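Q: Quick one: the structure is below, questions incoming.
The values are calculated or read from the model by the stated rules, or taken from the named source; none is laboratory data. None of the values given here were measured: they were computed from a predicted structure. Here Cβ is always computed from backbone atoms with ideal geometry, including for glycine, and neighbour counts include all displayed protein chains.
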């Protein structure tokens, strides 16, 4: 009897419907297409950047070689993105917890709409807000940081009188990526099994202890994936940084001064229209570096998420 059932089930699985085969083919084709597009982008960048890679260092903008040309840009990109993540991730987790577990339903729905609306605002609007509002409002804070924390290389000053600093650029990026991280973490926090939460409360845990023992561990992978999505946008953001940051081109850890390194994306956007010849190849080489950094970060995040899911 069992042999008949097994042969019947195998036959049903073997004789799949045409719709199943079509869907499988489309899904497989979509996956392969993504890999092809990714390889095509990498190949294009490598081919166009190759003249700059093999060129003499004196012919590269700045006259000191391709590494010296790209390094300050990569440094500025990583610094701005790091500031954004440090600011945005704790804030996003707190907002997501408030919406999912603390706020009344009406307030939670309203805040959800507001957070989603923030994600739809164009980046140039964030840049203008940083120049017109956040930058001038931060001048007093920057001076305070210089006076009281100037012994740290991050706040050694002299403080900018306009607020167009790497610190403010990072905060603006943090506000930009806040809705992305909040939306991902909020959707997972609301899916925490109710029996786990009620069981923790029944055992005498406070609300915060229940969140710390059930909600946060359940949503750890969502926090990581949302953070990586936000980091990807912060790494590639162009207009907000381009119009906000006061650029000197040097490498410095001073976050409140008027001289700051640019980011790769902002530098390409500002210089590409007026570049020609080897300058264009150098800019594409910088884009190749940004592509590689983003790819490595996303692969590392995927590895971490897979390990979290496995355990």
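Q: Taking the stated definitions as given, is residue 97 at pLDDT 90 or above, assigned to a helix (DSSP H, G or I), out of contact with any strand residue (DSSP E or B) (no Cβ under 6 Å at 6 or more places or on another chain) and more than 22 Å from residue 225 (Cα to Cα)?
A: Details: at pLDDT 90 or above: yes; assigned to a helix (DSSP H, G or I): yes; out of contact with any strand residue (DSSP E or B) (no Cβ under 6 Å at 6 or more places or on another chain): yes; more than 22 Å from residue 225 (Cα to Cα): no.
Criteria not met by residue 97.
Q: Only residues that are within 14 Å of residue 280 (Cβ to Cβ) and not in a helix (DSSP H, G or I): list them for the range 55-71, please.
A: Passing the criteria: 55, 60, 61.
Q: What residue, of 170, 130, 135, 163, is on the phi > 0 side of the Ramachandran plot, within 28 Å of the chain's Cα centre (by Cα) and surrounded by 17 or more Cβ atoms within 10 Å (Cβ to Cβ)? Don't jump to the end; show me each part of the working.
A: Working: 170 fails: on the phi > 0 side of the Ramachandran plot; 130 fails: on the phi > 0 side of the Ramachandran plot; 135 fails: on the phi > 0 side of the Ramachandran plot.
Residue meeting the stated conditions: 163.
Q: Still on this structure, please answer the following. Please state which one of 132, 200 is over 22 Å from residue 80 (Cβ atoms), in a helix (DSSP H, G or I) and without any contact (Cβ under 8 Å) to a residue 24 or more places away in the chain. Don't jump to the end; show me each part of the working.
A: Values: 132 fails: over 22 Å from residue 80 (Cβ atoms).
Exactly one residue qualifies, and that residue is 200.
Q: Could you figure out which of (1) crowded, with 21+ Cβ neighbours inside 10 Å; (2) within 30 Å of residue 256 (Cβ to Cβ) isn't true of residue 189?
A: Of the numbered conditions (1) crowded, with 21+ Cβ neighbours inside 10 Å; (2) within 30 Å of residue 256 (Cβ to Cβ), the odd one out for residue 189 is (2).
Residues checked against (1) in contact with a strand residue (DSSP E or B) (Cβ under 8 Å, 6 or more places away or on another chain); (2) more than 30 Å from residue 143 (Cα to Cα); (3) at pLDDT below 85:
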residue	(1), (2), (3)
261	yes, no, no
268	no, yes, no
273	no, yes, yes
288	no, yes, no
292	no, yes, no
308	no, yes, yes
311	no, yes, yes
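Q: Let me ask something additional. Somewhere in the range 35-54, is a residue free of Cβ contacts under 8 Å to residues at least 40 places away in the same chain, out of contact with any helix residue (DSSP H, G or I) (no Cβ under 9 Å at 6 or more places or on another chain) and not in a helix (DSSP H, G or I)?
A: No, because not a single residue in the range 35-54 is free of Cβ contacts under 8 Å to residues at least 40 places away in the same chain, out of contact with any helix residue (DSSP H, G or I) (no Cβ under 9 Å at 6 or more places or on another chain) and not in a helix (DSSP H, G or I).
Q: Let me ask something else. Considering only the range 269-290, how many residues are within 24 Å of the chain's Cα centre (by Cα) and in contact (Cβ under 8 Å) with a residue 24 or more places away in the chain? Walk me through it before giving the result.
A: Of the range 269-290, the ones within 24 Å of the chain's Cα centre (by Cα) are 269-272, 283-290.
Okay, now just the ones that are also in contact (Cβ under 8 Å) with a residue 24 or more places away in the chain, so 269-270, 284-290.
Residues that pass the stated criteria total 9.
Q: Give just the number: which of (1) surrounded by 15 or more Cβ atoms within 10 Å (Cβ to Cβ); (2) at pLDDT 90 or above; (3) within 25 Å of residue 272 (Cβ to Cβ) does residue 87 not satisfy?
A: For residue 87, the exception is condition (3).
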